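Please treat every number below as a calculation from the coordinates, not as lab data. What you are looking at is a predicted structure, and each value in this text was computed from that prediction instead of being measured. Reconstructed Cβ throughout: ideal geometry from the backbone, glycine too, with neighbour counts over all protein chains shown.
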Amino acid sequence: MSIEIVPLVENDIPDAVNCVQKAFADDPYFRWAFDDPSKFNIQRNAASLAAHFQYGINCDCPISVAKITRAANESKSDDDIRIPVGTVVGVAWWYSPQAPSMPETWSVWAQGWLLSFRQLMNNIRFLGRGGLNVHRYWIWKQVQQTAHDAIWQDPRGYYFCNVVCVASEARGMGVGKMLMDNVMDKADRENMPCYLESSKGYPNVGIYERMGFELVKEIECVDGGDVCKLYCMIRKPKSKE
Ligand SMILES: CC(C)(COP(=O)(O)OP(=O)(O)OC[C@H]1O[C@@H](n2cnc3c(N)ncnc32)[C@H](O)[C@@H]1OP(=O)(O)O)[C@@H](O)C(=O)NCCC(=O)NCCS
């Protein structure tokens, strides 16, 4: 399978959304936050993800997609035959480092408001949050903020991997690593640390360890008897030797 890693553009947003939705369907955080499957509205969720991707593009976030490049009929493996050229098989969405001492730029602030407005319109259009347990969402936000305050020691901030996923049919072939390398190499050149959170301990913690991340903290979002564990991992910059 031949893959290229390219920056996300607006035309790719629907495919990127589709890739994320499929990859996270069994994600522990997703299942905890959307705890009633009968209320889940996949179109509302897609609209929300699309609004976030648009925000990311407008804020110049380093977001990449992995696309199949080689024509299916040129390849020999069964995997290639099933995946047409141009298909998005992976997404990596990062935030650039933001030093806590630096104020948010005016344009990022404005994009934040635009995102809120788009989400409000989505609430009206779809008559709600599409099954998101809003109480749990705010529990997660608070637990996450407390963890960042404790873990993020570097005053320059961190490259924050917000989402990374690879389509199930393309996993274990190095696509995730290619997507991550795209920003991790840049972080190494700039001598900057990276950060991510995963709600899937196995196999993700091991996969990220192979990419140079270390598990620094395990946190728990608790609502009644339901607990969602998150694995917080930091990758120190690799020295240029
Ligand atoms: C996590 C994920 C992005 C990794 O992408 P991937 O394309 O499967 O990973 P790669 O093939 O690039 O493998 C990266 C490394 O992990 C290793 N690895 C991959 N899958 C593994 C597994 N199941 N168990 C152990 N190691 C594994 C690879 O051997 C490779 O190590 P190496 O570079 O030393 O050879 C992908 O599995 C995925 O999308 N999972 C579902 C969604 C998800 O959980 N996203 C992350 C949320 S934080």
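What the table shows:
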read-out: Per-selection Kirkwood Rh - the range 25-152 (Cα, Å, 1 d.p.); value: 17.7 Å
read-out: Length gained when the stretch Lys22-Ile124 is fully extended (0.36 nm per residue, less Cα-Cα span); value: 34.2 nm
read-out: Efficiency of FRET between Asn58 and Val85 - r from beta-carbon atoms, R0 25 angstrom, step 0.05; value: 0.30
read-out: Loop-resident sites, the range 134-241, for trypsin sites (Lys or Arg not before Pro), counting at most 10 other Cβ within 10 Å (DSSP); value: Lys240
read-out: Residues listed by number, the range 197-229, amide nitrogen under 11 Å from Glu190 label point at 7 Å toward C-beta; value: none
read-out: The chain - mean residue ellipticity at 222 nm from DSSP helices (-39,500 (n - 2.57) per run, n ≥ 4, rounded to 500); value: -13000 deg cm²/dmol
read-out: Kyte-Doolittle mean at least 0.0 and Cα axial length at least 20 Å: DSSP H helices in the chain; value: 106-126
read-out: DSSP-loop trypsin sites (Lys or Arg not before Pro) across the range 1-77, with at most 15 other Cβ within 10 angstrom; value: Arg70, Lys76
read-out: Whichever aspartates and glutamates have a C-alpha closer than 16 Å to that of Lys67, once near sequence neighbours (fewer than 8 apart) are set aside; value: Glu4, Glu10, Asp12, Asp15, Asp79, Asp80, Glu169, Asp181
read-out: Prolate/oblate/rounded call for the chain, Cα gyration tensor, a/c under 1.5 rounded; value: rounded
read-out: Full-extension gain in nm, Trp113 to Gln153, via 0.36 nm per residue minus C-alpha separation; value: 11.6 nm
read-out: Counting DSSP beta bridges with both ends in the chain, the antiparallel % (nearest 5); value: 90 percent
read-out: Distance in nm between pseudo-label sites at Val6 and Thr69 (7 Å out along the Cβ direction from Cα); value: 1.0 nm
read-out: Filter on Lys141/Lys229; Lys22/Lys200; Lys39/Lys200; Lys200/Lys229 - keep pairs with C-alpha separation over 19 Å; value: Lys39/Lys200
read-out: Estimated inter-spin distance, Lys238 and Glu214, nm [label 7 Å along Cα→Cβ]; value: 1.6 nm
